[in-house]
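The values are calculated or read from the model by the stated rules, or taken from the named source; none is laboratory data. Source: prediction; values computed, not measured. When we count neighbours, we look across all protein chains shown, and the Cβ atoms used for this are built from the backbone with ideal geometry, even at glycine. Each accessible area value is taken on the protein alone, full model and side chains, heavy atoms only, with ligands, DNA and RNA left out. Shrake-Rupley method; radii C 1.70, N 1.55, O 1.52, S 1.80 Å.
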Amino acid sequence: WEVVSSTEPKMIGFNPEYKDQIHHLKATLNPSDYADGEFFLRFETIVNSFTSNRASGFDNFKIVAYYDCPVTPAPVVPVTPAPIVPVTPAPVVSVTPAPISTATPAPVVGTPGPTPDGRTGGGGGVNGDPLIMGLSGQVFKFNGRSGSWYAAVSTKSFQWNMKIQQYEGCPSKADTFVNGVGLTVFDDHGEAAHRVEVSVVNDFFVDVGCGGGNGGANCLGRGSLELVIDGVKYMSPRDHKFSDGTGRVIAYNTYLECSRKWYDFQIDERPEVATLRRARNLKDPSVFEVLDTLKDTMIDKRSCDTWLQKRKDNGDLFEQPGHWSTILVKTDKISLHIEYKQESDRCKAHDLDVWISAVAPNVVEEEWEGIIGETKSLSYRPNGKMKQVDRNVALRHREDEAYEVVSPFSTKCKGCITRI
C-alpha cells in the first residue's frame, strides 16, 4: 500500500486556524484478504499528548474499488465522517515522513524487565513539554526555567542532565521542551570516563543544514542537532565505539514509523505496561542487531522493518536524510534512548524525548537522586499502572531550582547526590 498527500497542510474546510490535508491511499488486495466476503479498513491517528487535550477527524471519504475484470470502477459503501476524540484541534494526520505537529510523539516507557528497585512501573524518562515518567510509574509535569539545565538522574556511576527551553509562538502549555541532554559516566574511582552531549544547534531555527555537496541533507536533524562525544563534535550519523570497549553511541536519521512510540498516559487498562530491564552483556552486536531489539517500541513495526531491511541491504543507514533522529547511548552502566523531532509548521521548536533503556545491576542498587532519580525510592506503588500525580507529590524538593545545574556535565545541585 502507499499514501500520497496531494496538498500541503492548509485551510480546506475545517476552520481558518487549524489546517487540513488531502491524502490518497492505494492498496492492492489479494483474494485471501477478503475470502469471507468482507474487508475491514481502519484509519488511525497517532496523537502527541493526552487524548483529553487532542482531537483528530476524518471526513469526505471516497472509496473506489478496481477489479481485474472489464467493469468500470464502482464506489464501495459511502462512508460518513468519523471523528476521533473531537476535543481540541489536533496535528495534521500524515503517514508520510513529516515534521511533528507539537514535537511530542508518545511513550512506551522503558523496555521489559524490573524497575531499578524491582517493582513494576515505568522505566523512567522525559517526553514532550516536559512530562516526566517516574521510575515507579508516576507521571508529572516539570516546567523548570527556560534555558536552564537540570539533573534528571544523579548517581555515583552516572549523571544525566537535561536542558529545558521554551519556544515563543507555540501553543500555550505546549511550548516548552527538552532540547539538550548531557550524560557523564564515571569509572570506579569516581572520575569521568565518558561524556556525551546531544543538543540543538540553534534554539530558534530548524533545518539549518550542515554544508557539504548535498547541502548537508544527511546530517543529524538536517543540521539542527549536534553530538559531542568526549569533547569531539559530530553532526553526521555514525556508530561511535568507545576506545575502552565500555560502550558506543549510535546516531542516525529516521522517520515517523520508525520513531519510538508512546501511548497516552491514560493506559490503566493496558495489561502490558512496559518496564525497565537490567543491562544484558552483548558481545559487540552489529548496528542492525541493536536496532532489531527496538522494533517492538516503534510506531509501525512492519513498515519500519521493511525500511531497516532496505538500509541493511544497501548499507546506507548513516546516509539517510531526515528531520527526525534517533540516538542510542549504550554504556556498561546506563543506556539512554533519545528521539529528536522538530516543529516547523506553527512555530519553530525542537524536542528531545529520552528513555532509560538499561541499567547495570550494581548501579540499580546505588542511591539515585535528581528529578527522575528520586522517584525510584518513593513508597508510591502504581501496581503496574502509569498514574499522573502532582509534581510536589512526586518530588522531594518543591522548588525547581533544587535540581538546577550549571552545565550539561555538572554534578552539583541541592537535589543531586553528594560526590566526594
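A few comments on the model shown:
- Matching residues, region 220-236, being open to solvent by 10 Å² or more (accessible area, probe 1.4 Å) and within 15 Å of residue 317 (Cβ to Cβ): 236
- Selection from region 141-164 of residues that are surrounded by fewer than 22 Cβ atoms within 10 Å (Cβ to Cβ) and under 17 Å from the mean Cα position of the chain (by Cα): 141
- Looking only at residues of region 34-77 that are modelled with pLDDT of 70 or more and outside any loop (DSSP other than H, G, I, E, B), we find that the one that is surrounded by the most Cβ atoms within 10 Å (Cβ to Cβ) is 56.
- All told, residue 389 falls short of being open to solvent by 50 Å² or more (accessible area, probe 1.4 Å), over 25 Å from residue 195 (Cα atoms) and β-branched (Val, Ile, Thr).
- Sole residue being at pLDDT below 85, open to solvent by less than 30 Å² (accessible area, probe 1.4 Å) and within 30 Å of residue 410 (Cα to Cα), chosen from 339, 369, 343: 343
- Residues being under 18 Å from residue 238 (Cα atoms) and assigned to a helix (DSSP H, G or I) - total across region 285-306: 6
- Across region 127-140, the qualifying residues are those that are within 25 Å of residue 342 (Cβ to Cβ) and part of a loop (DSSP other than H, G, I, E, B), and the one among them that is modelled with the highest pLDDT is 130.
- Scope region 189-209; condition touching a residue at least 24 places away in the same chain (Cβ under 8 Å), acidic (Asp, Glu) and assigned to a loop (DSSP other than H, G, I, E, B); matching residues: 203, 207
- Within region 346-366, the set of residues being among the hydrophobic types (A, V, I, L, M, F, W, C) and modelled with pLDDT under 85 comprises just one member, 347.
- Scoring residue 124 on the criteria (1) on the phi > 0 side of the Ramachandran plot; (2) over 17 Å from the mean Cα position of the chain (by Cα); (3) at pLDDT 50 or above leaves a single failure, condition (2).
- Residue 290 falls short of the stated requirement of being in contact with a helix residue (DSSP H, G or I) (Cβ under 7 Å, 6 or more places away or on another chain), at pLDDT 70 or above and surrounded by fewer than 18 Cβ atoms within 10 Å (Cβ to Cβ).
- For region 191-217, filtered to residues that are touching a helix residue (DSSP H, G or I) at 6+ places or on another chain (Cβ under 7 Å) and among the aliphatic types (A, V, I, L, M), the residue that is modelled with the highest pLDDT is 201.
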